[in-house]
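Participant: Sharing a structure, written as structure tokens. Questions coming.
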Amino acid sequence: MTTIAAYFDGHSVQTLEDAPLKRNQRLLITVLDEFLDTEAGVKALRGGLSKYANPELRSQESSAWASAVEEKHAIR
């Protein structure tokens with residue numbers, strides 16, 4: 001199951017990110033009691049945290065989880 005951020009524009013549902021959907025694929029839609037700030041405009045969520053990214057650490061991303069587990073449990 002995949003969660004995709006979206007909103008209803010009054011006529012149809014608009015996704016805020018790429019949606020890997022296939023024709024005739026069943027969907028479950030959850031309606032939240034939250035609203036977008038229409039005065040600020042709708043902004044895509046992708047890249048929203050990019051200002052916190054550290055490009056020097058990208059090479060460590062694939063092994064980050066394993067390294068954290070080893071560190072936490074003193075596995076060596």
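The values are calculated or read from the model by the stated rules, or taken from the named source; none is laboratory data. Keep in mind the model is a prediction, meaning the values are calculated, not measured. Quick reminder, even Gly has a Cβ in these numbers, built from the backbone with ideal geometry, and neighbours come from all protein chains shown.
Participant: For residue 53, state whether it is at pLDDT 85 or above, under 18 Å from the mean Cα position of the chain (by Cα) and among the hydrophobic types (A, V, I, L, M, F, W, C). Full working, then the answer.
Facilitator: Working: at pLDDT 85 or above: yes; under 18 Å from the mean Cα position of the chain (by Cα): yes; among the hydrophobic types (A, V, I, L, M, F, W, C): yes.
Taking the combined requirement at face value, the residue satisfies it.
Participant: Do any residues in segment 1-16 that are within 17 Å of residue 33 (Cβ to Cβ) have Cβ atoms under 7 Å from those of residues that are of a type in the set (Gly, Ala, Ser) and surrounded by 11 or more Cβ atoms within 10 Å (Cβ to Cβ), where the two are at least six apart or on different chains, and which pairs are they?
Facilitator: Note: pairs meeting the criteria are 13/6.
Participant: In addition: Which condition number does residue 34 fail, the rest of (1) of a type outside the set (Gly, Ala, Ser); (2) modelled with pLDDT of 85 or more; (3) in a loop (DSSP other than H, G, I, E, B); (4) loosely packed, with under 10 Cβ neighbours inside 10 Å being met?
Facilitator: If we test residue 34 against (1) of a type outside the set (Gly, Ala, Ser); (2) modelled with pLDDT of 85 or more; (3) in a loop (DSSP other than H, G, I, E, B); (4) loosely packed, with under 10 Cβ neighbours inside 10 Å, just (2) comes out false.
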